[in-house]
Protein chains: 2
Amino acid sequence: MKLPQYLLTLLLMLNVTAQAQEITKLNLPVPSTVSKEMQPLIAAEPFSYWNSHPKTPEQWKSWVNELAQFELQILPGIQQKFAVTIEQSQLANVNVFTITPKEIAPNNQERLLLHFHGGGYVLNPGKAGLSEAVMMAGYGQIKVISVDYRMPPDFPYPAAIDDAIAVYQELIKTHPTQKLGVFGTSTGGGMSLILALRASAEGLPLPAAIAAGTPWTDLTKTGDSYFTHEGIDNVLVSYDGWLGDAAQLYANGHDLTDPYLSPVYGNVKHFPPTLLITATRDLFLSNTIRMHWTLKQAEIPTDLIVFEGLSHAQYLMSLEAPENQQYFKELSQFFDKYLEY
Amino acid sequence: MKLPQYLLTLLLMLNVTAQAQEITKLNLPVPSTVSKEMQPLIAAEPFSYWNSHPKTPEQWKSWVNELAQFELQILPGIQQKFAVTIEQSQLANVNVFTITPKEIAPNNQERLLLHFHGGGYVLNPGKAGLSEAVMMAGYGQIKVISVDYRMPPDFPYPAAIDDAIAVYQELIKTHPTQKLGVFGTSTGGGMSLILALRASAEGLPLPAAIAAGTPWTDLTKTGDSYFTHEGIDNVLVSYDGWLGDAAQLYANGHDLTDPYLSPVYGNVKHFPPTLLITATRDLFLSNTIRMHWTLKQAEIPTDLIVFEGLSHAQYLMSLEAPENQQYFKELSQFFDKYLEY
């Protein structure tokens, strides 16, 4: 018997390797305004690993591996639900996974989505980064290529975004950008935005649309919700846990306000239509809405959606919840509107 | 010498008639990501009157009058800045104010905006409710009619919304709805939405567009940000101050989940395009984004904007701040897009 995803997530939250927690738990009621399926995740204690602080490269790798096991455990259930195939290959010498749904929707026959996984530039290597891409391919009935970009400690900045742009350049040799969308959550959302900044700066054609779920747009601890939502968000909990460490590890001495690290500071004037999604408890609420303002001020068509009651990226964490389905419905409608077919 | 609006607001915050405060002040830094002009308002202690609990009709009237004096004190400065005229008259036996800018923009010659002021259905009688309408007329170069609807304790529900619909019915006898927009903040945003619900139910043509700033869409303490943002928002601070009392006083025994009290529960299927605006510290963040979902699920064109770092309706509280100007720019662009001319 397969356990539902939310139960597995709860098990992870209760992980016995949990670090001491320094954030006082707030006595917040579970909102009645979210789905029953989401309520246990919102009621849960903060993710046990939020305050991990690996020091050495070996500690980072061991920690990343521990969390990857969890993701690898839930992937088969998700893949089975959507009956997608996953093929591994290389594009421009970068490891990628092509996810193909059993049936591709008529309008999506020639469309393609490029995906970047989340995880603070450190988590979710290999197949551990595929759950969002699989859900998108399944819900959206569209082919998705997910990039298994290189990560620190072995490969700090700019390896990840170099891999992203290399795959993009290779793809657009054969695939018209008018039929190509880019998406991802958290770091994957940030990378989707940075890809467009780099493509723009390098004179490449831009993708037809970008969907960034709760994107990491400012790697410094800047933006109001890093402070107001500390301890309210039970997924990330605080910048001062593993997250801030990951920013430093990835940046490897580079200025964190460089737009290729923090795209909220970038020049977005050539951007395609961009969808941004966050939630009321999200530590990245400000990361998301500040990017929305950056795009609005450049007069880029941009839509903002805020989920009720959820913490960071929690819409991905229960396959059983309507919020999960809603997220992918929003992305599907958005890409359907802006991608040629 | 006239004091700038934000200084007057700060003086109000330090009001010596302040009630005892039961909410622990959170130690939140002032965000660097808001304008310098807004920072003093964000840094300020919670509004002194948030925890007022008038009991008798006389106490309510005295409290309302005290706060109205503040609004009346700042109105001349705002009126002077925008060089608008304010005329008082009656429409359908309801007191209204017509605000006319010195110059009406070419596209706005035949357009009209209908405004409802905020204040929890109890505050801002008469000219005390005009600051937002004056700013809109001035920034937008458009004629605005603001409704001085009746309020409790003398006139509880449905007096306010009866007045709103009576004025609307009278107006649309001579003014085409295609050239008519409706807007307001907080209770005024809620009333703008309820007006559309009532117009729809009564078979009247709907206005061409609605802009609701941080609308009070749920008069019960339902919605996550009533809890997560308690004490983070320094304007409303908590539902359990005067706000919840005002809900009871206004509803006067009616079910608070009636859509004409809490429009988030309404049937919005005939709604025109609707703009919703909130902010990251707003106690009404959930009120706003839940309404956004209600509209999205009915497939109504709707835009959501979230201000960084602001508390409830704080965009109205500093005429000197770019956020103030930005709010009215957003409304102007929105109405310009959807109103015929």
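The values are calculated or read from the model by the stated rules, or taken from the named source; none is laboratory data. Model, not experiment: these values are computed from the prediction. Heads up, the Cβs are rebuilt from the backbone with ideal geometry, glycines too, and the neighbour counts pull from every protein chain shown.
Summary table
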| quantity | calculated |
| --- | --- |
| Meets criteria (within 10 Å of chain B (Cβ to nearest Cβ) and at pLDDT 95 or above) for A:ILE232 | yes |
| Counted residues, region A:209-227 - those being surrounded by 24 or more Cβ atoms within 10 Å (Cβ to Cβ) and part of a helix (DSSP H, G or I) | 2 |
| Breaking point among (1) of a type outside the set (D, E, K, R); (2) more than 30 Å from B:SER311 (Cβ to Cβ); (3) buried (at least 18 other Cβ atoms within 10 Å of the Cβ), for B:PRO176 | (3) |
| Out of B:LEU180, B:LEU171, sole residue that is closer than 19 Å to B:MET135 by Cα and over 15 Å from the mean Cα position of the chain (by Cα) | B:LEU180 |
| Extreme residue, surrounded by the most Cβ atoms within 10 Å (Cβ to Cβ), among residues of region A:179-189 that are part of a helix (DSSP H, G or I) and not β-branched (Val, Ile, Thr) | A:GLY189 |
| Hits in region A:305-322 (condition: crowded, with 23+ Cβ neighbours inside 10 Å, within 11 Å of chain B (Cβ to nearest Cβ) and in contact with a Phe, Trp or Tyr (Cβ under 8 Å, 6 or more places away or on another chain)) | A:PHE307 |
| Residue in region A:262-282 that is at pLDDT 95 or above, of a type in the set (S, T, N, Q) and in a strand (DSSP E or B) present | yes |
| Some residue of region A:17-25 being under 25 Å from A:PRO153 (Cα atoms), modelled with pLDDT under 95 and β-branched (Val, Ile, Thr) | yes |
| Yes/no for B:ILE210 being within 14 Å of another protein chain (Cβ to nearest Cβ) and of a type in the set (A, V, I, L, M) | no |
| Residue check for A:TYR149: part of a loop (DSSP other than H, G, I, E, B) and out of contact with any Leu (no Cβ under 7 Å at 6 or more places or on another chain) | yes |
| Residue list for region B:313-332, filter: part of a loop (DSSP other than H, G, I, E, B) and in contact with a Ser or Thr (Cβ under 6 Å, 6 or more places away or on another chain) | B:ALA313, B:MET317, B:ALA321 |
| Residue within region A:118-136 that is within 16 Å of the chain's Cα centre (by Cα), buried (at least 19 other Cβ atoms within 10 Å of the Cβ), at negative phi and of a type in the set (D, E, K, R) present | yes |
| Any chance B:LEU249 is under 15 Å from the mean Cα position of the chain (by Cα), at negative phi, outside any loop (DSSP other than H, G, I, E, B) and more than 14 Å from chain A (Cβ to nearest Cβ) | no |
| Residues of region B:106-133 satisfying the condition of being under 21 Å from B:LEU219 (Cβ atoms) and among the aliphatic types (A, V, I, L, M) | B:VAL122, B:LEU123 |
| From A:VAL96, A:VAL30, residue being at pLDDT 95 or above, among the β-branched types (Val, Ile, Thr) and buried (at least 19 other Cβ atoms within 10 Å of the Cβ) | A:VAL96 |
| Region A:50-63: number of residues that are touching a residue at least 12 places away in the same chain (Cβ under 8 Å) and under 24 Å from A:GLU230 (Cβ atoms) | 7 |
| Filter pass, B:ILE161 being touching a Pro at 6+ places or on another chain (Cβ under 8 Å), crowded, with 18+ Cβ neighbours inside 10 Å and aliphatic (A, V, I, L, M) | no |
| So B:LEU256, is it closer than 15 Å to B:PRO158 by Cβ, in contact (Cβ under 8 Å) with a residue 12 or more places away in the chain and more than 10 Å from chain A (Cβ to nearest Cβ) | yes |
| Answer from A:THR302, A:THR294, A:THR278 - the residue that is of a type in the set (Val, Ile, Thr), within 14 Å of chain B (Cβ to nearest Cβ) and within 17 Å of B:THR228 (Cβ to Cβ) | A:THR278 |
| Residues of region A:190-208 satisfying the condition of being outside any helix (DSSP H, G or I) and either surrounded by fewer than 24 Cβ atoms within 10 Å (Cβ to Cβ) or out of contact with any strand residue (DSSP E or B) (no Cβ under 8 Å at 6 or more places or on another chain) (or both) | A:GLU202, A:GLY203, A:LEU204, A:PRO205, A:LEU206, A:ALA208 |
| Unmet criterion (only one of (1) under 18 Å from the mean Cα position of the chain (by Cα); (2) more than 10 Å from every other protein chain (Cβ to nearest Cβ); (3) closer than 25 Å to B:VAL134 by Cβ) for B:TYR341 | (1) |
| A:TYR239, sole failed condition from (1) within 13 Å of another protein chain (Cβ to nearest Cβ); (2) not in a loop (DSSP other than H, G, I, E, B) | (2) |
| Residues within region B:292-326 that are aliphatic (A, V, I, L, M) and either closer than 23 Å to B:LEU197 by Cβ or out of contact with any helix residue (DSSP H, G or I) (no Cβ under 9 Å at 6 or more places or on another chain) (or both), tallied | 6 |
| Test: residue in region B:237-252 that is polar (S, T, N, Q), within 28 Å of B:ALA43 (Cα to Cα) and at pLDDT 95 or above | yes |
| A:ASN107 vs. criteria surrounded by fewer than 15 Cβ atoms within 10 Å (Cβ to Cβ) and either at pLDDT 95 or above or within 14 Å of chain B (Cβ to nearest Cβ) (or both) | yes |
| Any chance B:LEU3 is more than 14 Å from chain A (Cβ to nearest Cβ), modelled with pLDDT under 95 and surrounded by 17 or more Cβ atoms within 10 Å (Cβ to Cβ) | no |
| Extreme residue, nearest to B:ASN65 (Cα to Cα), among residues of region B:38-47 that are away from chain A (no Cβ under 14 Å) and surrounded by fewer than 18 Cβ atoms within 10 Å (Cβ to Cβ) | B:GLU45 |
